[in-house]
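Trainee: My questions all concern the structure below.
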Amino acid sequence: MGAQFWPVTENFAAEVGDVDLSQPLSAEDVAAIRSAFDRYAVLVFPGQELSTGQHLDFARHFGPLETSIATHRKDTKLRVVPEIADVSNLTPDNKVWGEKSRQRMFQLGNRLWHSDSTFKHTPAYASLLYARSIPPVGGHTEFTDMRAAYDALPVATKQKIDRLVCEHSIFTSRAKLGYTDFSAEERAAMPPVPQVMVRTIPQTGRKCLYLASHAGRVFGMDDAAGAALIEELMAHATQRQFVYTHRWRVNDLVIWDNRQTLHRGTAFDDLRWKRDVQRATVEDVANSCEQAGLKVDLQATG
Ligand code: OGA
Ligand code: MN
């Protein structure tokens with residue numbers, strides 16, 4: 001029997017059974033999973049026992065992997081290989097992090113609604129998050145459906161935003177939490193990038209809002225008006241009717257389409273419980289403006 005799909009709602013999020021991701025997959029299973037991924041945008045694979053190598057091998061079915069941004073940070077020793085983003089609350093020797101640790105401050109950013117790596121010129125396409133240990137309470141991950149959010153906008157808003165471009169920067173989301181302590185070298189390694197505000201998914205023709213906590217300015221608008229528009233659209237997109245909350249079990253692998261969703265982690269007692277979740281990330285094919293055939297003059301803000 002091939003992979004079985006159990007939708008959470010008609011078109012958003014599905015659980016997948018009868019597939020063992022530690023083994024090589026049949027071409028039929030790969031095709032079925034990829035097509036379900038386009039449709040549901042979030043897939044949950046429960047009960048997977050994966051080595052890091054098997055986690056990465058499954059991720060490679062979706063395209064080339066990105067390297068974690070933690071590799072830019074000279075002050076941290078990595079607990080995991082460079083292809084894995086360490087989303088845990090653990091130090092390299094597997095202890096719960098310190099209250100004042102830089103890693104903790106940095107990862108607080110995951111509590112804000114975002115899409116992965118939109119602050120990179122080529123953003124993330126798919127993220128595959130695997131839970132090795134989870135807290136008994138809290139620490140869920142929420143996803144919002146940016147196709148449904150786009151569809152629900154008034155026509156006038158759709159027309160206004162259809163060709164807009166935002167500036168995304170990792171330092172924008174961190175500044176929202178009051179965290180600005182980055183070296184000149186770190187800032188230079190991750191300059192702001194443009195991303196479209198609305199994207200069309202080539203596989204389905206569906207339009208999605210494309211935003212993130214990393215989005216700060218809108219090209220061609222003054223800073224305050226751009227920021228207000230972004231906040232208004234984020235508030236619209238993250239209303240409960242668009243949201244699926246994933247309550248983790250150990251050995252869940254959850255994969256989401258960053259083009260079609262936003263996500264955020266919810267609070268937990270991170271100084272008490274270990275939450276060991278690790279992410280493999282597949283790159284998008286190009287910057288979202290390039291994919292839309294838009295040429296953006298990076299200087300032309302304001
Ligand atoms: C991520 C992320 C949130 C969480 O892995 O990209 O934002 O719940 N995770 O850990
Ligand atoms: Mn994320």
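Trainee: Under 5 Å between amide H atoms, partner at least 5 residues away or on a different chain: which partners does Val198 have, H built in plane at 1.01 Å?
Mentor: Leu164, Tyr210
Trainee: Compute the relative contact order of region 126-251 as a whole-number percentage, counting only Cα pairs closer than 8 Å that sit 6 or more residues apart in sequence.
Mentor: Relative contact order here is 42 percent.
Trainee: Another question, then. Pick out, in residue order, every one of the trypsin sites (Lys or Arg not before Pro) in region 88-118 that is DSSP loop and has at most 16 other C-beta atoms within 10 Å; say none if there are none.
Mentor: Those that pass, being in a loop and sparsely packed, are Lys95, Lys100.
Trainee: Across region 118-124, in residue order, what do the Karplus-derived ³J(HN,Hα) couplings come to in whole Hz, using 6.51 cos²θ - 1.76 cosθ + 1.60 with θ = phi - 60° and x for Gly and Pro?
Mentor: So the J values, rounded to whole Hz, are 5, 7, 9, 3, 9, x, 8.
Trainee: Right, next: What's the local net charge at Arg279, with K and R +1, D and E -1, over the other residues with C-beta under 12 Å away?
Mentor: Its environment carries a net charge of -4.
Trainee: For region 240-247, just list the computed ³J(HN,Hα) in residue order, Karplus coefficients 6.51, -1.76 and 1.60, θ = phi - 60°, integers in Hz, with x standing in for Gly and Pro.
Mentor: Here the 3J(HN,Hα) series is 4, 5, 9, 9, 10, 9, 9, 9 Hz.
Trainee: Which value in deg cm²/dmol, rounded to the nearest 500, describes the helix-derived mean residue ellipticity at 222 nm for the chain, given -39,500 (n - 2.57) per DSSP H run of n ≥ 4 and division by the residue count?
Mentor: -6500 deg cm²/dmol
Trainee: Would you mind working out the accessible area per residue for the chain, using a 1.4 Å probe, and quoting it in Å²?
Mentor: On a per-residue basis, the chain sits at 44 Å².
Trainee: Rounded to the nearest 5, what is the percent of antiparallel bridges among the DSSP beta bridges in the chain?
Mentor: If I count the DSSP bridges inside the chain, around 95 percent turn out antiparallel.
Trainee: Moving on. Report Rg/Rh for the chain, rounded to two decimals, where Rg is the Cα radius of gyration and Rh the Kirkwood radius.
Mentor: Rg/Rh: 0.95.
Trainee: So between Ala175 and Asp269, what do we pick up on full extension, going 0.36 nm a residue minus the alpha carbon distance?
Mentor: My answer for the length gained is 31.5 nm.
Trainee: Cross-link candidates for Lys207: which aspartates and glutamates have Cα within less than 15 Å, leaving aside residues fewer than 8 places away along the same chain?
Mentor: Within reach: Asp38, Asp145, Asp151, Asp162, Asp257.
Trainee: For His246, which sequence-distant residues (separation of 5 or more, or a different chain) have an amide H within less than 5 Å of its own amide H, given hydrogens modelled in the peptide plane?
Mentor: Those lying under 5 Å, H to H, from His246 are Thr141, Glu142, Phe143.
Trainee: Here's another thing I want to ask about it. How much of the accessible area of the chain, in percent, comes from carbon and sulfur atoms when a 1.4 Å probe is used?
Mentor: Carbon with sulfur: 53 percent of the solvent-accessible area.
Trainee: Residues with amide H under 5 Å of Asp284's amide H, sequence separation 5 or more or different chain, H placed in the peptide plane at 1.01 Å from N; which?
Mentor: HN-HN under 5 Å from Asp284: Ala124, Tyr125.
Trainee: Give me the percent relative contact order of the chain, please, defined on Cα pairs under 8 angstrom at least 6 residues apart.
Mentor: This gives 31 percent for the chain.
Trainee: Only Cα pairs within less than 10 Å get springs; with that Gaussian network setup on the chain, which residue of Trp273, Trp256, Trp248 has the largest fluctuation?
Mentor: Most flexible of the set in this elastic network: Trp273.
Trainee: Under a cut-off of 16 Å between alpha-carbon atoms, report the lysines in cross-link reach of Lys95, not counting same-chain residues fewer than 8 places apart.
Mentor: Lys77, Lys274
Trainee: If you wrap a convex hull around the C-alpha atoms of region 1-151 and split its volume per residue, what is the figure in Å³?
Mentor: With only Cα atoms used, region 1-151 gives 145 Å³ per residue.
Trainee: Which of Thr281, Thr204, Thr122 ends up with the largest GNM mean-square fluctuation for the chain, with Cα atoms connected below 10 Å?
Mentor: Top of the fluctuation ranking is Thr204.
Trainee: Moving to a separate point now. So for the pair Lys77, Ala156, with labels modelled 7 Å out along Cα→Cβ, what separation do we get in nm?
Mentor: Distance between label points: 6.0 nm.
The values are calculated or read from the model by the stated rules, or taken from the named source; none is laboratory data. Owing to the predicted nature of the structure, the values given are computational and were not obtained by experimental measurement. Heads up, the Cβs are rebuilt from the backbone with ideal geometry, glycines too, and the neighbour counts pull from every protein chain shown. To get the accessible areas, we keep the full protein, side chains included, count just its heavy atoms, and leave off ligands, DNA and RNA. Shrake-Rupley method; radii C 1.70, N 1.55, O 1.52, S 1.80 Å.
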